[in-house]
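Down below is the structure, laid out as structure tokens.
Here, each number is a calculation from the coordinates, and none is a lab measurement. Worth saying up front: this structure is predicted, and the values here are computed from it rather than measured. Positions of Cβ are generated from backbone atoms using ideal geometry, with glycine treated the same way; all protein chains shown enter the neighbour counts.
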Amino acid sequence: MKYISTRGGPQELSFLEILLAGLAPDGGLYMPKSYPQISKKTLDQWRSLSYADLAVEILQLFSDDIPLEDLKVIAHKTYTAKVYCHGRQYDNANDITPIHWLGNEFGTEIGLLSLSNGPTLAFKDMAMQLLGNLFEYVLAQQNRELNILGATSGDTGSAAEYAMRGKRGIKVFMLSPSGKMSAFQCAQMYSLQDTNIFNIVIEGVFDDAQDIVKAVSNDLNFKSAYKIGTVNSINWARVVAQVVYYFAGYLRATSSSEEKVSFCVPSGNFGNVCAGHIARMMGLPIQKLIVATNENDVLDEFFKTGHYRARKSAETFHTSSPSMDISKASNFERFVFDWLGRDGALVKQLFAQVETEGGFDYSGHPAKKMIEQFGFVSGKSTHENRLNTIQQVSRVYGVVIDTHTADGVKVAREYLEPHVKMLVLETALPVKFSETIEEALGYLPERPDAFIGIEELPQRVYEMKPEVLAIKEFIVRHTR
């Protein structure tokens, strides 16, 4: 398996060569040169596999330079009931990603694919725990060190830090926007006292933090000198790890590979739903990939009109589903690359245009119709929709869902088809957004014992302006 850049760079690299790299040297994102194809026969053969064994089957297709026995050890170390132990009472404790079927609506079974049983109670753990173990494996083999620079709108940061804390040879520098995350999200990150974890709070919004990460990654001399790597979903390993749970969800929702399933995915940075796109390109029988946005509806606007219009920081809303408060979706470039025939030169031109002109418009272009061939549709949810959905799901099904999952359930209901099962990707446990849950239901959600009183713990953060040079200087001071 070889990897190429979405912007047409000439290099073809292996999985291990791109694992620690993040962005390609030309500023693009890495993609497999071609997608491995999974037959219906193979799908049916995978039905009895554990999550860890399923992960091995899929990951080996993309990482054939890791010995199979080593990959098995890494997957079985990652996907255990001990690590993913925060499931609700309705979940099977030994099932890493159980489905909770809500019920039948308009002739369609709708369910939640539970992805939030990990250490930080968010779906990001599904990939980040694997990434931490992969990094440790590679760094030990190569006797190297790595300085991870990341940006978070809430969940990526804590998932990365919990996966990397205490890991030999790794330091984490995580940027987060001031005042834009829930109190629980902040406490999860800022209360960590590990000496290899550095939480940097910047003025602005997530997109400002993400722009800094990209700018540092694009400074190839600095990146090399200070061993900079990324854990944001611009890192290919993050995305491919997420592909696994689409296969797991499909196999648990169906009894035959002749069936199709639709997935609705709350989305901000497009990494989660991009993994679904890759699974579909591999042959997984997905009917629709439904992108659910909040008030920051850049992606919804694109899929409805063909016009991609990235917003500026001042135009980005602070909402009650804050992990989706993103107006410039990094992983969207991966889909555009496939959509436009893998034309790297064109992709480079379009995303240069995003930086200089704020977007690109394909609303009147013949390629607009081709979007339907990839199964994508979209919808938008607002704060009022969120509250109503949380209330309705609690009243009818006796289940409390978080704000982002509520966005997914609301939009999923707009695309229900008779006899096509609908899975909404659960993104977090409700305790991470207690303020809005209390507003909707009048009481605070359940919280796992391990997180009782977390907001009262001492916090260690560094407050800085969103300046690339200042962040570089901080990294230099703390890596000597």
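How much length is gained on full extension from residue 420 to residue 374, taking 0.36 nm per residue of separation minus their Cα-Cα distance? Let's see the in-between values first.
On the way: separation 46, 0.36 × 46 = 16.56 nm, distance 1.70 nm.
Contour length minus Cα-Cα distance gives 14.9 nm.
The DSSP beta bridges internal to the chain are antiparallel in roughly 30% of cases. Relative to the globular-protein estimate of 2.2 N^0.38 Å, the Cα radius of gyration of the range 279-414 stands at 1.15.
Rounded to two decimals, what is Rg over Rh for the range 208-295 when you use alpha-carbon atoms and the Kirkwood radius? Present the calculation step by step, with values, prior to reporting the outcome.
Working: Rg = 16.6 Å, Rh = 14.9 Å.
When Rh is taken as the Kirkwood radius, the ratio is 1.12.
Which semi-axis lengths, in whole Å and largest first, follow from the square roots of five times the eigenvalues of the Cα gyration tensor of the chain?
29, 26, 24
In the frame of its principal axes, the range 30-165 has Cα extents of 55, 37, 27 Å, reported largest first.
Using 0.36 nm per residue of separation minus the Cα-Cα distance, give me the extension gain between residue 183 and residue 455 in nm, one decimal. Don't jump to the answer; show the numbers that get you there.
Working: separation 272, 0.36 × 272 = 97.92 nm, distance 0.69 nm.
Between residue 183 and residue 455, full extension yields an extra 97.2 nm.
In plain terms, the chain from residue 462 to residue 384 could stretch by 24.6 nm, reckoned as 0.36 nm per residue minus the Cα-Cα distance.
Hey, got the dipole for the range 263-374? About the Cα centre, +1 on K and R Cβ, -1 on D and E Cβ, debye to the nearest 20? Intermediate results must be reported in sequence, preceding the final value.
Details: 12 positive and 13 negative charges, 60 e Å.
Using Cβ point charges on Lys, Arg, Asp and Glu, the range 263-374 gives about 300 debye.
When you restrict to C-alpha pairs under 8 Å that are six or more residues apart and normalise by the size of the chain, the relative contact order lands at 19 percent. Between residue 305 and residue 215, the C-beta separation translates, for a Förster distance of 30 Å, into a calculated FRET efficiency of about 0.50.
Net charge within 15 Å of residue 47 by Cβ-Cβ distance, Lys/Arg positive one each and Asp/Glu negative one each, not counting residue 47 itself?
On the way: positive: 40, 41, 252; negative: 44, 53, 57, 95, 258, 259.
Around residue 47, the charge tally is -3.
Using θ = phi - 60° in the Karplus curve 6.51 cos²θ - 1.76 cosθ + 1.60, the 3J(HN,Hα) couplings for the range 473-480 round to 4, 5, 4, 4, 4, 9, 10, 6 Hz; x is entered for Gly and Pro.
Here 460, 238 are placed in order of increasing Cβ neighbour count within 10 Å, fewest first, which gives 460, 238. Average projection, convex hull of the Cα set of the range 191-245: 5.6 square nanometres. Taking 7 Å steps out from each Cα toward its Cβ at residue 256 and residue 105 produces label points 2.7 nm apart.
Take the Cα of residue 77, step 7 Å toward its Cβ, do the same at residue 11, and the gap between the two points is 2.6 nm. The base-10 log of I(q)/I(0) for the range 368-443, evaluated at q = 0.21, 0.22 Å⁻¹, reads -0.92, -0.99 [Debye formula, identical scatterers on Cα atoms, solvent excluded].
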